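What follows is a single structure, written as structure tokens, with notes after it.
Throughout, read-outs are computed from the coordinates displayed, never taken from laboratory work. Keep in mind the model is a prediction, meaning the values are calculated, not measured. Every residue, glycine among them, receives a Cβ derived from its backbone with ideal geometry; neighbour counts consider all protein chains shown.
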């Protein structure tokens with residue numbers, strides 16, 4: 001979570017779900033038949049109820065599907081913090097609620113560490129959860145790198161040493177991060193000596209030795225192959241760190257394709273390219289470490305401790321100080337800017353479903369639940385979706401059912417049904433993408449022009465070079481008429497042409513569906529579902 005506003009992923013705790021109260025028995029707008037209005041309680045032991053008694057919320061720092069992050073000032077001391085304010089109306093499933101609760105618990109239990117954002121206070125009232133934490137104002141990792149005039153192997157080694165130390169700390173305290181990626185590392189302040197901080201534990205999970213997990217969570221380009229195979233443990237964090245190291249040294253990800261299925265297949269193949277520029281001038285020690293961090297066999301892959309013991313990191317201060325070249329810096333800059341464009345678009349898509357629309361989903365569920373059991377089976381889902389205008393082939397319906405049936409009982413409870421409905425609406429209804437497109441098309445010409453693209457990527461005073469803006473336009477503008485049509489914009493959003501998935505919700509839904517599709521097509525053989 002940290003200073004970012006992103007969407008937590010699916011919870012791993014299936015065994016607890018069956019006995020957990022259904023949050024969708026809560027009606028935020030009125031009373032139940034009993035005449036009693038239930039109140040959703042998320043946090044176990046918040047600091048307090050009314051955040052305004054101790055803090056003043058200022059300008060907005062970021063926004064996501066669940067809430068808004070504000071600059072936050074402690075009234076007594078004047079100290080500045082970041083406050084993530086999560087609207088309870090946005091917590092639509094028991095999974096969402098459990099993820100927020102677990103994230104706070106993980107942040108509470110992590111020891112103080114110079115490279116992990118610290119939790120200050122938590123508040124919960126009837127409408128929102130407010131999480132006050134350390135403020136990081138120094139910008140994202142890649143933005144700082146490209147702002148420097150000289151980027152070297154030695155600089156990359158220093159960054160990687162910090163990242164792996166964070167991984168080691170997590171694993172020592174029984175936590176798998178599960179979503180390591182560059183945008184989850186911010187600098188504490190704008191000073192040259194500022195420490196890097198890990199800011200986001202939204203997908204993190206507690207684990208015990210030998211425990212395995214099966215939910216596909218995280219950001220696609222950083223996923224380990226065993227995540228796609230649905231059988232993994234803490235080794236996935238070392239893989240993700242290895243992907244980051246590869247990008248730090250050459251500016252592009254090791255496993256890339258124009259489609260999500262292509263990315264998944266590249267990850268499963270795990271073939272790492274060391275031929276393109278600048279790899280010929282990168283040290284053998286650096287390449288050796290990457291190979292061992294990106295070993296597709298998690299049993300052979302280096303542990304975080306072994307990574308830190310590797311000669312390249314042991315001698316980080318004496319790693320080659322020769323510039324990796326302007327090509328690497330240019331790639332990293334484009335990497336960062338493309339992500340900002342898609343992040344804004346996905347935010348608009350994510351915010352589209354209103355409370356009223358969720359109420360409509362509840363009515364649909366009650367209509368399908370012919371036996372009033374609180375669950376619907378495959379046949380009821382098929383008939384109900386047909387009534388609602390969704391003509392889905394049986395084979396795809398079965399895949400959808402399996403993907404949404406989190407507790408594995410062969411039926412969908414209300415929370416699971418909401419997840420299906422949100423997925424269908426977001427993926428099948430272009431209205432969401434039209435809203436996002438209109439946000440960028442400020443002059444309503446029907447195209448995103450170069451000036452509008454420049455404006456969209458210029459928040460917070462970013463000094464975007466014309467070269468980077470032109471490169472993004474070139475990538476998205478398929479017919480090369482110098483502007484982005486709605487069709488070209490939609491293709492970018494649907495085909496995964498960016499290098500970093502900005503929305504965990506989008507990533508989670510698409511890759512859950514993708515993994516099942518790969519299994520059906522025989523592209524990937526998945527491990528058993530059980531932990």
Gyration tensor (alpha-carbon) shape descriptor, the range 103-241, a/c threshold 1.5: oblate
Within the range 247-266, list the residues whose amide N lies under 19 Å from a label point set 7 Å along Cα→Cβ of residue 478. 257-263
Arranged from highest to lowest average of other beta-carbon atoms within 10 Å per residue, in what order do the peptides 223-234, 206-217 appear? 223-234, 206-217
Got a sec? Which residues in the range 232-247 would a label at residue 194 touch, if it sits 7 Å along Cα→Cβ and we count backbone N under 14 Å? none
What order do you get for 110, 367 when you list them from fewest to most C-beta neighbours inside 10 Å? 367, 110
Spin-label point model (7 Å from Cα, Cβ direction): what's the residue 50 to residue 490 distance in nm? 5.0
Mind giving me the FRET efficiency for residue 281 and residue 362? R0 is 60 Å, r the Cβ-Cβ distance, nearest 0.05 is fine. 0.50
Compute the FRET efficiency between residue 89 and residue 113 as 1/(1 + (r/R0)^6), taking r as their Cβ-Cβ distance and R0 = 41 Å, and round to the nearest 0.05. 0.75
Row for the range 230-270, column shape: gyration tensor on C-alpha, a ≥ b ≥ c, rounded if a/c < 1.5 i.e. under 1.5, prolate if a/b over b/c, else oblate; value oblate
What ranking, highest mean first, results for peptides 446-453, 270-277 when packing means the other Cβ atoms within 10 Å averaged over each residue? 446-453, 270-277
Principal axes first, then extents: for the Cα atoms of the range 141-324, list largest minus smallest coordinate on each axis, whole Å, largest first. 43, 34, 29
Cβ neighbours within 10 Å, averaged per peptide: list 236-245, 434-443, 180-189, 151-160 in order, most packed at the top. 236-245, 180-189, 151-160, 434-443
Contour excess over end-to-end distance, with Cα ends at residue 299 and residue 161 and 0.36 nm allotted per residue: 47.5 nm
Residue 269/residue 314 FRET efficiency (R0 35 Å; Cβ-Cβ; nearest 0.05): 0.70
Fewest-first ordering of 55, 81 by Cβ atoms within 10 Å yields 81, 55
